[in-house]
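To start, the structure under review is shown below, and the notes come after it.
The values are calculated or read from the model by the stated rules, or taken from the named source; none is laboratory data. Please read all numbers here as calculations on a predicted model, not as lab measurements. So basically every Cβ, Gly included, is an ideal-geometry build from the backbone, and we count neighbours across all protein chains shown. Accessible surface areas use protein heavy atoms only, side chains included; no ligands, DNA or RNA. Shrake-Rupley method; radii C 1.70, N 1.55, O 1.52, S 1.80 Å.
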Amino acid sequence: MKRRHFLRRLGSGVLVAGSTIAAGCKQENPAEQNTAAATAKFEPVKWKMVTTWPKNFPGLGTGANFLAERIMQMSGGRIQIKVYGAKELVPAFEVFSAVSQGTAELGHGSAYYWKGKSEAAQFFSAVPFGLTADEMNAWLYHGGGMELWQETYQPFGLVPMAAGNTGVQMAGWFNREINSVEDLQGLKMRIPGLGGEVLSRAGGTPVSLPGGELFTSLQSGAIDATEWVGPYNDLAFGFYKAAKYYYYPGWHEPGTTLECMVNKAAFDGLPDDLQAIVLSAARVANQDMLTEYIARNNQALRTLVDEHHVEVRKLPDSVLDRLRELSDQVVTEIAAKDALSQRVHASFQAFRDQVVQWSDISARAYLNARGAA
Ligand code: CA
């Protein structure tokens, strides 16, 4: 404790003084000296994290909390973060601008919400018939994806990080049987983003509705179908009481990445060790959310089937084939919108073309060999 006070008094000379002291006092714990030195030269920062989720929303909102807690813990309290749910400080869809402008230092959301800012952003959350969670993380961390994401957010003064993943979602809840491509005609379905565009080209009518309105819209017949996330989140919303069929797979969101963005000026103001802590905490949160979804989805699926007698169905191959064709068109068109989107699409597509061959003889072959029993 005495040492800490001494270091504080040294002010800007702390690093030189710290190393001199370290050399002279070998019985001291070096980790404590480092913390003492860092505390001395760096007053704790107080950051706000705004999110696109309702406060504490299972999986997504709790994932944001998890990240904030890890950063605070790993930094020994040198970074303090207060997490705000959607609308508490800014509305959900103003998170990007709020962090860009410095109203908050951190934001938690998903990149496809920001296509109005940059078309290329959509490649960093979910692409219909795109990458799975594992493949997406491989592209981001080891395939050039993260560098492109940083380049995409750089003009907005933001540093992006992957900070969670839902894994493969479900195709959704339907009150209409889907036996052929024709059954998509006139289908009124809540499905946002690129998936919605694909449904529209297949003859359906995509509807955009916030999560809180989905149950009543489905129950009243205002919509024929809705997608949301997967069994864990869908069970909580009670969709099984309002729809007959639960279709899979989530072709439109095969491994949706959630993001944390940091205001670049705030990030650049951190010393190197705290920058590393923020980046590393995001990696931990990214993995933790995926494993939570896998664990909870499988419990919730059992509840839906065993207790609520939900009829789980696979979309017919003919329907998936048609949706895949249309998805390729839609995704290729984004690439034509601007030079950055073109480069991001090229990188994403090249990685996808390559990884499918490995995934085919590794994950898919193993799952087929293991069987469904
Ligand atoms: Ca979804």
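Seen against the Cα atoms of the chain and their longest principal axis, helix 60-74 is set at about 20 degrees. Between D321 and S200, the modelled labels are 2.7 nm apart [label points 7 Å from Cα along Cα→Cβ]. Report, in listed order, any pair from K48/K115; K314/K337; K55/K241 with a Cα-Cα distance greater than 27 Å. The pairs that break the limit, which is 27 Å between Cα atoms, are K314/K337. Of the trypsin sites (Lys or Arg not before Pro) found in the range 196-260, those in coil by DSSP whose Cβ has at most 13 other Cβ atoms within 10 Å are K244.
Taking the chain as the reference, fit the longest principal axis to its C-alpha atoms, fit the long axis of helix 30-41 to the helix C-alpha atoms, and give the angle between the two in degrees, 0 to 90, nearest 10. With rounding to tens, the tilt is 90 degrees. For H142, the solvent-accessible surface computed with a 1.4 Å probe is close to 150 Å², ligands and nucleic acids excluded. Give a quick list of GluC sites (Glu not before Pro) in the range 158-197 that DSSP marks as loop, anything other than H, G, I, E or B, with at most 15 other Cβ atoms within 10 Å. Passing both the DSSP loop test and the Cβ count: E177. Label the range 321-361 by shape, choosing from rounded, prolate and oblate, from the square roots a ≥ b ≥ c of the eigenvalues of the Cα gyration tensor; if a/c is under 1.5 it is rounded, and otherwise prolate applies when a/b is larger than b/c, oblate when it is not. Oblate is the answer for the range 321-361, as a/c is 1.5 or above yet b/c matches or exceeds a/b.
Among D234, D134, D317, the residue with the largest mean-square fluctuation in a Gaussian network model of the chain, with springs joining Cα atoms closer than 10 Å, is D317.
A full extension of the chain between R364 and E43 corresponds to an added length of 110.5 nm, given 0.36 nm per residue minus the alpha carbon distance.
Quick one: with all protein chains in place, what share of the accessible area of the chain is carbon or sulfur, to the nearest percent (1.4 Å probe)? For the chain, the apolar C and S fraction of the accessible surface comes to 53 percent. A straight chain from V284 to A92 at 0.36 nm per residue would run longer than the Cα-Cα distance by 66.7 nm. For the chain, the antiparallel share of DSSP beta bridges with both residues in that region comes to about 45%. Residues of the range 169-190 with an amide N closer than 17 Å to a point placed 7 Å from the Cα of R313 along the Cα-to-Cβ direction: 170-190. Kirkwood analysis of the chain, using all unique Cα-Cα pairs, places the hydrodynamic radius at 22.4 Å. For the range 166-321, the Kirkwood radius over C-alpha pairs fed into Stokes-Einstein at 4 °C and 1.567 mPa s yields D = 76 µm² per second. As a length-normalised measure over Cα pairs under 8 Å and 6 or more apart, the relative contact order of the chain settles at 20 percent. Taking the longest Cα principal axis of the chain as reference, the axis of helix 133-142 is set at about 40 degrees.
Positive-end ranking of N297, L89, L315 along the dipole of the chain, with charges on Cβ about the Cα centre, is headed by L89. Once the C-beta distance of S180 and D338 is scaled by a Förster radius of 35 Å, the resulting FRET efficiency is 0.40 to the nearest 0.05. Note on V305 and V356: the extension gain reaches 15.2 nm, defined as 0.36 nm multiplied by sequence separation minus the Cα-Cα distance.
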